[in-house]
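Contents: one structure, followed by commentary.
The values are calculated or read from the model by the stated rules, or taken from the named source; none is laboratory data. Worth saying up front: this structure is predicted, and the values here are computed from it rather than measured. Counting neighbours? That spans all protein chains shown, and the Cβs are built from the backbone with ideal geometry, glycine included. To get the accessible areas, we keep the full protein, side chains included, count just its heavy atoms, and leave off ligands, DNA and RNA. Shrake-Rupley method; radii C 1.70, N 1.55, O 1.52, S 1.80 Å.
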Amino acid sequence: MLSSPASPPVVPSTTPVVFPSTLYFRFRPTVATEVTIISKWAAPGFNLSLLRTMTHRVTPSGRAMLPGVGVFGTGSTARVLVPLLQAEGFEVHALWGRSEEEACCLAKELDIPFHTSRSDDVLLHQDVDLVCIYIPPSMTRQIAVKALGIGKNVVCEKAATAVDSFKMVTAARYYPQLLSMMGNTLRFLPAFVAMRRLLLEGYVGDMQVCDVRVYGPSLLDQSYGWTCEELMGGGGLHIMGSAIIDLLSYLTGTRAHRVHGLLRTFVQQNNLIRGIRRVTSDDFCFFQMLMGGTGSSGVCCTVTLNFNLPGSFVHEVMIVGSAGRLVARGTELYGQRNGSDREELLLADGGGVGPEAKEMPRPHLQGLSSMVKALRQSFQAHEERRSWSPGPVASAPTFEDGLYVQTVVEAVKQSSSSGEWVCVEIMSQEPDPNHNLCEALQRNKN
């Protein structure tokens, strides 16, 4: 792999600078410089016209432009995300959907000028510098890794497996100058930001117990799809539980080292999913985590996820310590110190945040709004559209956090199958894809 030059030449704005496509570089010339990226190693017949021009631009007044955004996904999150981005000054230039029809319909609704069902058309779009990926988990790794490889900043949802997450971590480490951020919006919810600050200030004393309850209606789509399949990243544990696992790590400042869990699928068929097809993803999950130190010095966490309750959505996170407790109910924060006879409201609901989405719980909706504001603050301080400041998004989960979360998810599933406590061991290298085959061949030889 070639490396980028230590000090790229400053050239007149009328002169293009040509580099191989495998190079990613960052520099700030005194004038706007047009950079054309052309591949030396394109296969015969490769359509070089797809490789676009990426330009450093500023407004006529000299103020920096926010990066242009390309959105992958046409689901409820993408439908809410685009208006929030536009309200903060981001221009959404491109939308990807699984089909041309899906992409066209949402693009017209949200006033997005370009839509496609071809991922490369978004990634290579000349005006896209930030890619937001909200697609089925089984597809996330492929798009995220490719986006980083061609120099795009990335905000994305979770991957389907720990191996996929590890590949994303590898790509993020290879391009440390790019933003690579997991989209767990709960970290940005004001109630949890305040809760973390109070925990650091010692409001509850030494943390002892975390108890989380998330109840709501079914997470299944209207038709058979990835949400029905456990192996494709469906189920309450993966969809909602992963956000809770990450949140508890953020709040406590520790990680789980042992877990025990139970998963069940109570609704295997319904009026829309029937016949030979059955749901394999969980709709009920209960798990425990031992976090931090061993013995009495650690934090004991219990999480209950139940998505068999039509109606209102319940989201409660309670942390109990030696001096008191903090409870986040929905988007509000309550606290009670030992010796006090009543709870006090520490942070009220912040009110409207933009478009309502019945499919998106309010804590996630408000967190998404706060995350978009943080992204704007991170990018607006720089002239170059791909440069960003880490301060405003310092609390955001990294791809390394995503790998930890996915490792815990898989450990909980393993515990549910074995009925035993499972140690959380984060992979440090990608497993050999032929490992199981080699073991089988060795057994047959013996």
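Quick look at the numbers
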quantity: Anisotropy class of region 174-241 from Cα gyration tensor, a/c 1.5 cut; calculated: oblate
quantity: Extreme residue, positive dipole direction of region 123-182, given options Ala160, Leu178, Thr140 (C-beta unit charges); calculated: Ala160
quantity: Mean separation of Cα contacts under 8 Å, 6 or more apart, over the residue count of region 142-231: relative contact order %; calculated: 22
quantity: Total formal charge among the other residues, if their Cβ is under 10 angstrom from that of Thr302, Lys/Arg +1 and Asp/Glu -1; calculated: 0
quantity: Relative contact order (percent, whole number), region 250-342, Cα cutoff 8 Å, 6+ residue spacing; calculated: 19
quantity: Placed amide H near Gly234: partners under 5 Å, 5+ positions off or other chain; calculated: Glu229
quantity: Full-extension gain in nm, Arg277 to Ser297, via 0.36 nm per residue minus C-alpha separation; calculated: 2.5 nm
quantity: Area accessible to solvent at Arg325, 1.4 Å probe radius, in Å²; calculated: 80
quantity: Chain lengthening between Ser428 and Glu91 when straightened (0.36 nm per residue, less Cα-Cα); calculated: 117.5 nm
quantity: Residues with amide H under 5 Å from that of Val424, placed H, sequence gap 5 or more; calculated: Arg258, Val259
quantity: Accessible area (Å², 1.4 Å probe, nearest 10) - Ser378; calculated: 0
quantity: Heavy-atom SASA rank of Trp421, Trp96 (probe 1.4 Å, accessible area, largest first); calculated: Trp421, Trp96
quantity: Calculated from backbone phi, Karplus (6.51, -1.76, 1.60) coupling profile of region 313-324 in Hz, x at Gly/Pro; calculated: 9, 10, 9, 10, 10, 10, 10, 10, x, 6, 10, x
